[in-house]
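What follows is one structure encoded as structure tokens, with my remarks underneath.
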Amino acid sequence: MSKPYLPYYDLEFASDALFWSGEEASERRIFLMPSSPPSKFVGFGVARASREACFVARGTVVDHLGHFISRNVREGVRVELYVKPPLPQWLLERYTTNPPWEGHEYESPPNPPVSGLVATGVKRYAPSPTGALWSEGDGSNRVAFIIPMHDAAEFLAFGMLGSRAEEHFIRVGRVENQLGDFIEQMKREEARVELRAMPPLPEPRLRRYLPR
């Protein structure tokens, strides 16, 4: 039996589309997850009562993610960030690469930890129009990696200088009301922004952020 296709929205052309119909706002969820390439993301609209996906949206992290989150939050939708959201594997495989049709090669996120990282002793992100997070580098080597956390309501951000492959800053923030602000700040500070299942760190440094 063939598996059905969901309504699909490319946010480059459908950022203001009517995503929802029929579900009460309190029953609506957005499950965000990394995609391939990491400059893009996938968002599944899910009806909580049936636990079924209603639609899928895809866009670039730097251009579309903040607007997508804020619009859904204004409409009363809960937004969460996952490595792998609680949806069928075939559905994730179908829509997490570009273009979203059968037969396209799928780059699966790493298996552990599927529930996201756990970070201790990391500073909270405080949005500020003037307080810079970068004190070194420039647009040629600044990159910010957004990583899902064990708590799907939060994100972990690594600011890294590509020339040194080291952490310049690490922050924890709330997906619904801070992730959009973080992305906008990274744009102002001319950093590249990517959404990844795991940060590209050497194993000894990465181990401190993994669940024990």
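Each of residue 12 and residue 25 was given a label point 7 Å from its Cα along the Cα-to-Cβ line. The distance between the two points is 3.2 nm.
Loop-located trypsin sites (Lys or Arg not before Pro) in the range 1-101 (DSSP state not H, G, I, E or B) with no more than 12 neighbouring Cβ atoms inside 10 Å: 51.
Across the range 67-86, the residues whose backbone nitrogen lies under 18 Å from the label position 7 Å along the beta-carbon direction of residue 52 are 86.
Projecting the Cα atoms of 8, 172, 39 onto the charge dipole of the chain (Cβ charges, centred on the Cα centre) puts 172 farthest toward the positive pole.
Summarising the overall dimensions of the range 112-212 from its C-alpha atoms, the Rg and Dmax are 12.8, 37 angstrom. Proximity of backbone amide H atoms, modeled 1.01 Å from N, is registered between residue 149 and 117, 154, 156 at under 5 Å, excluding neighbours fewer than 5 places apart on the same chain.
With q set to 0.14 Å⁻¹, the log10 of I(q)/I(0) for the chain, from the Debye formula over equal scatterers at the Cα positions, is -0.83.
What's the lysine pair count for the chain at a Cα cut-off below 22 Å, pairs eight or more apart or interchain? Lysine pairs, 8 or more places apart or on different chains, close enough: 4.
Could I have the simple spin-label model distance between residue 5 and residue 167, label points 7 Å from Cα toward Cβ, reported in nm to one decimal? About 4.3 nm, to one decimal. The calculated FRET efficiency for residue 123 paired with residue 36, based on their beta-carbon distance and R0 = 30 Å, is about 0.50.
Compared with the alpha-carbon gap, the fully stretched path from residue 150 to residue 67 is longer by 27.5 nm at 0.36 nm per residue.
Laboratory data are not the source of any read-out in this text; all were calculated from the coordinates shown. These numbers come from a predicted model, not from an experiment. Here the Cβ is made from the backbone with ideal geometry for all residues, glycine too, and neighbour counts use every protein chain on show.
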